[in-house]
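The values are calculated or read from the model by the stated rules, or taken from the named source; none is laboratory data. For clarity, every value in this text was computed on a predicted model and none was experimentally measured. For the accessible areas, the whole protein counts, side chains as well, though only heavy atoms, and no ligand, DNA or RNA atoms are used. Shrake-Rupley method; radii C 1.70, N 1.55, O 1.52, S 1.80 Å.
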Amino acid sequence: MKRFLTLCLIVFVVLYGLSGCGRGSDMEAGLVFVNQSDAVIVEVVVEFQDQSGGTRNADSSALRRGESFGFQAGEYPATVYVYDKAVGDVVEGALARITIREAPPEGERWYVTARDGAEGLTLLTSTQLLDPNEA
């Protein structure tokens, strides 16, 4: 019985690691969405020229400040859409969106950071992870 439970645990850990729980690994991600806001963000959809995809927490709960999602990069330009509900695809009613016209420099990735602004949710892009304490 112990061996069976140990084997099941090992299989679960391996499958969990391979699946990435719906999030791209930071090592593989060409575009990383980072939440540094208090806004209710439930789903993030990225639409590249050749592919699109969205992701959210498994229970559709809102991202907490500091949480992130990674996306496999496609062909640029790419548009990032942020929603306050589960949508599954690009639809009307995004809280915010931003278009990135070109691929990042070789060996780097884009970070799209959500921040609270005077006019609501603001999305910023950078090839460096932005400091959450800087405005």
| note | As a Kirkwood estimate from alpha-carbon pairs, region 35-135 has a hydrodynamic radius in angstrom of 13.9
| task | For region 79-135, with all protein chains present and a 1.4 Å probe, just round the carbon and sulfur fraction of the accessible area to a whole percent. | result | 43
| message | Quick check for you: with a 1.4 Å probe and neighbouring chains kept, what is the accessible area per residue of region 37-76, in Å²? | response | 51
| message | Roughly how far apart, in whole Å, are the Cα centres of region 39-76 and region 101-135? | response | 14
| task | Taking each pair of different alpha-carbon atoms in region 85-135 once, compute 1/r for the pair, average those values, and report the inverse of that mean as the Kirkwood hydrodynamic radius in Å to one decimal. | result | 13.0
